[in-house]
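Have a look at the structure below before the remarks.
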Amino acid sequence: MVIPTPDSGVLKRIYANLVGSGGRFSLDIPDRILQRLYTYGSLKDTDRGAEFEIKNRLQDAKVTGVSRVVINRQRIDLEDVRVVTADEKEYTLDEIDEDQPINFPVGRTVVIVIEGVDLSTGEHEIDIDFQADPFGELTLEVTDTIRDEETVGGIPRDDEDNYSESAIAERHEYLEETTGVDLEHVPENSFDPHETEGNVENFIGVAQMPLGVAGPVQVNGEHADGEYPIPLATTEGTLVASYSRGMKAINLSGGAKTTVVDDNMNRAPVFVFEDARNARDFRDWVFEHIDTIREKAEATSSVAELVRIEDYMTNNHVHLRFDYTTGDAAGQNMVGKATFAACNWMLSEYSGYVENFYLEGNFATDKKASKINDLQTRGKRVTAETTLSEQTMLHHLGVEPSAIHHHGQVATLGSFFSGANTNGAHPANGLASLFIACGQDEANVAESSAAMVNTTLLDDNSLHVSVTIPSLIVATYGGGTGLPTQRECLSMLDCDGAGNVNKFAEIAAATVLAGELSLASAISASDWVTSHDELGRNR
C-alpha cells in the first residue's frame with residue numbers, strides 16, 4: 001500500500017519526520033526559538049541538587065517524557081532527575097509518559113532538579129531531550145552561568161510579601177545607609193501599599209507632585225457632554241493657568257466639539273526567513289488562515305477583538321501589525337498576549353521553515369512616535385475643534401485671529417523642517433500632566449503627543465481651530481487607573497471604570513486644544529516670556 005504524501009500544512013512536516021526518524025517525530029522548531037524555552041539565569045546549585053527552569057513560551061502543551069539529560073558533557077542517570085511543577089508537585093521521570101503527562105500551558109514553568117550533582121560558580125553546558133505534545137521530541141542545548149551571589153548587590157525584597165511594612169522599612173534603611181539621605185517625604189502615603197501590587201515593584205513610597213485643576217472646559221462630544229474640571233499634575237508654573245485660559249476661550253465659543261474616529265491597539269511581530277520569496281509565501285499563508293488566527297488571538301481575552309492584520313515586507317522579514325480593539329483598557333499587554341497565542345499557532349502549523357521570530361519587531365512603535373501610527377492609528381484617533389470669534393480672540397486671548405493663523409503656518413513649516421512629531425506648540429504638556437493625575441502610562445505621551453493642528457481663517461474673521469491626535473493611548477480600567485489618587489481624579493471627570501474610555505479620550509483632546517490655543521496666542525502676542533515671569537519659577 002502506498003501512503004500519499006501530504007503536500008501542505010503541519011501534516012507534511014509530521015510525515016517528513018515520521019519517514020526520516022523511524023516512527024518518532026518532532027515539529028521543526030528553529031533552535032533560536034526553541035532555546036527560548038530555557039530561562040537563562042535559572043541554573044542553581046541547591047541543597048536538593050542542581051536545578052534549572054524551563055518555561056513554555058511557545059503554545060499550550062503537555063510534557064510526556066524526558067529521555068536524556070547531560071550536564072557538562074556528562075550524561076545523568078535519569079533516576080536522579082526530578083520534575084517540579086509550579087505548584088511544587090514533584091515527579092520522577094517514570095511517573096511521566098503519554099498516559100500521565102504534565103500540563104504545560106503557555107506561561108507555566110517546570111524546574112528540572114538533578115540530585116547528586118554539585119555545580120561550581122561559572123558556565124555550564126546543559127543538554128536535555130524531552131517530549132511534549134504537540135511538539136514531539138525536542139532537544140534543548142544551552143549554556144548558563146552560576147554567579148557568585150555574594151558579589152551581586154540588590155534591593156532588599158521579601159519573597160513572601162514584598163509590600164509589607166517590614167519589607168518597605170528594610171528598603172528605607174538600605175537607601176538611607178547607602179545614599180546618606182534621610183527619607184522624610186518619600187515614605188508618606190495615604191493608602192495601603194498592597195494596592196500598588198501589579199503597578200510597581202520594590203515599593204518605597206510615593207512621588208508627591210503638585211496637583212492643580214484647570215477649567216472647567218465645555219466638551220460637546222459623542223461620549224463626553226458637559227463641563228469638566230481638569231486635574232493636572234505638574235511642576236511647571238503657568239501650565240494650569242495657561243490651560244485654564246484656553247479652556248475659557250473654548251467655553252466662550254460654545255465648547256469643543258470632539259469626535260473619536262478610530263480605535264486600534266497594535267502588536268507587531270516579525271518573522272525572519274531564508275529569503276524574500278519564503279517570506280512572501282508565509283505572508284500569503286497568514287491571510288489564507290486569518291479566521292483561525294483571529295480565533296486563537298481572541299481566545300486569550302474576553303475583550304480583545306482582532307480587527308485586521310497589516311502586512312509590511314522588507315528584505316527577508318515579514319512585519320505583521322495585529323490591530324485590535326481593547327475595550328476600556330489601553331491594551332498593550334492584552335494584545336501582546338493575544339498576538340503571542342496567534343503566533344505560536346502559526347509557527348506550529350506553517351509548513352515552511354521560519355528562521356526566527358520576535359513578538360515585537362519595533363513596528364508597533366510602542367511608546368515611540370512614528371509615521372505608521374499617524375497613518376494607521378494606535379490607541380484612539382480623536383479630534384477636538386472649536387470656532388473662536390474675533391471678539392473672543394481679541395478680548396480674551398489678546399491676539400488677532402490672523403496672527404494665530406499665520407503663526408500656525410510658519411510653525412508647521414518649522415516642524416516639518418525640524419522633523420518634529422507634531423506641528424503643535426506643546427501637546428505633551430497637558431497630556432503628561434493629565435496622564436500622571438489620572439493613572440495613565442506616562443510613557444505613552446511619546447506617541448500620544450503626535451498631534452496635528454490646523455487653523456482656518458473664516459470670512460467673518462473668526463478662526464476655526466482643530467487638533468487631531470492619531471495615537472492617543474488612554475484607559476479608564478486597568479493599569480494605574482485603580483490607584484487611589486488616580487481613581488479620584490478620573491472620578492472628577494466621571495470617567496472611572498469601564499465604559500468611559502472614549503469619554504476620557506474626548507476630554508483629553510479638548511485639553512490639548514485648550515493648551516494649543518493659549519500658548520499659540522501667547523507666542524503670537526509676545527506674552528510667552530512675560531507670563532512665565534509672572535507665574536513661573538523664573539520670576
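For region 202-227: of the residues being without any contact (Cβ under 8 Å) to a residue 40 or more places away in the chain and not in a strand (DSSP E or B), which is surrounded by the fewest Cβ atoms within 10 Å (Cβ to Cβ)?
Filtering region 202-227 for residues that are without any contact (Cβ under 8 Å) to a residue 40 or more places away in the chain and not in a strand (DSSP E or B), the one surrounded by the fewest Cβ atoms within 10 Å (Cβ to Cβ) comes out as ALA207.
Identify, please: which residue in region 72-105 is among the hydrophobic types (A, V, I, L, M, F, W, C) and either in a strand (DSSP E or B) or over 26 Å from ILE146 (Cα atoms) (or both) and is, among those, nearest to the chain's Cα centre (by Cα)? Lay out the reasoning, then the answer.
In the first step, residues of region 72-105 are kept if they are among the hydrophobic types (A, V, I, L, M, F, W, C); the result is 76, 78, 81, 83-84, 86, 93, 96, 102, 104.
Adding the requirement that they be either in a strand (DSSP E or B) or over 26 Å from ILE146 (Cα atoms) (or both) leaves 81, 83-84, 96, 102, 104.
Numbers: VAL81: 38, VAL83: 33, VAL84: 32, ILE96: 38, ILE102: 31, PHE104: 25 Å.
The extreme case among them is PHE104.
Restricting to region 396-453, name every residue that is part of a helix (DSSP H, G or I), out of contact with any Phe, Trp or Tyr (no Cβ under 9 Å at 6 or more places or on another chain) and acidic (Asp, Glu).
Within region 396-453, GLU447 is the sole residue that qualifies.
Can you say whether ASN344 is over 30 Å from SER253 (Cα atoms) and surrounded by 20 or more Cβ atoms within 10 Å (Cβ to Cβ), as far as the supplied structure shows?
On the way: over 30 Å from SER253 (Cα atoms): yes; surrounded by 20 or more Cβ atoms within 10 Å (Cβ to Cβ): yes.
So ASN344 passes the test.
For every residue, the table says whether it meets (1) surrounded by fewer than 13 Cβ atoms within 10 Å (Cβ to Cβ); (2) touching a strand residue (DSSP E or B) at 6+ places or on another chain (Cβ under 9 Å); (3) farther than 30 Å from PHE282 by Cα; (4) at pLDDT below 80.
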position: PRO30; (1), (2), (3), (4): no, yes, no, yes
position: ASP80; (1), (2), (3), (4): no, yes, yes, no
position: ASP87; (1), (2), (3), (4): yes, no, yes, no
position: ASP97; (1), (2), (3), (4): yes, yes, yes, no
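Checking the conditions here, which among ARG147, ARG157 is open to solvent by 40 Å² or more (accessible area, probe 1.4 Å), in contact with a Ser or Thr (Cβ under 9 Å, 6 or more places away or on another chain) and closer than 21 Å to GLU53 by Cβ?
On the way: ARG157 fails: in contact with a Ser or Thr (Cβ under 9 Å, 6 or more places away or on another chain).
It is ARG147.
Could you check region 341-377 and list, in sequence order, the residues that are under 16 Å from ALA279 (Cα atoms) and among the aromatic types (Phe, Trp, Tyr)?
Answer for region 341-377, where residues must be under 16 Å from ALA279 (Cα atoms) and among the aromatic types (Phe, Trp, Tyr): TYR350, TYR353, PHE357, TYR358.
If you scan region 463-494, which residues turn out to be buried (at least 18 other Cβ atoms within 10 Å of the Cβ) and either over 22 Å from the mean Cα position of the chain (by Cα) or part of a strand (DSSP E or B) (or both)?
Within region 463-494, LEU463, VAL465, SER466, VAL467, THR468, ILE469, PRO470, SER471, LEU472, THR485, CYS489, LEU493 qualify.
Quick check on my filter: what residues within region 113-132 are surrounded by 13 or more Cβ atoms within 10 Å (Cβ to Cβ) and assigned to a strand (DSSP E or B)?
Listed by number, the residues that qualify are VAL113, ILE114, HIS124, GLU125, ILE126, ASP127, ILE128, ASP129, PHE130, GLN131, ALA132.
Tell me, which residue of region 369-385 that is open to solvent by 10 Å² or more (accessible area, probe 1.4 Å) and among the polar types (S, T, N, Q) is nearest to the chain's Cα centre (by Cα)? Talk me through it step by step, then tell me what you get.
First, the residues of region 369-385 that are open to solvent by 10 Å² or more (accessible area, probe 1.4 Å): 369-372, 374-376, 381, 383, 385.
Going one step further and asking which of them are among the polar types (S, T, N, Q), we end up with 370, 376, 383.
Working: SER370: 16, GLN376: 17, THR383: 24 Å.
Looking at residues that are open to solvent by 10 Å² or more (accessible area, probe 1.4 Å) and among the polar types (S, T, N, Q), I get SER370.
Does region 260-283 hold any residues that are open to solvent by 10 Å² or more (accessible area, probe 1.4 Å) and assigned to a helix (DSSP H, G or I), and which are they?
Passing the criteria: ALA276, ARG277, ASN278, ARG280, ASP281, ARG283.
The values are calculated or read from the model by the stated rules, or taken from the named source; none is laboratory data. Values in this document were obtained by computation on a predicted structure and should not be read as measured data. Cβ coordinates were reconstructed from backbone atoms using ideal geometry, including for glycine residues, and neighbour counts include every protein chain displayed. In case anyone asks, the SASA skips ligands and DNA or RNA and just uses the protein heavy atoms, side chains included. Shrake-Rupley method; radii C 1.70, N 1.55, O 1.52, S 1.80 Å.
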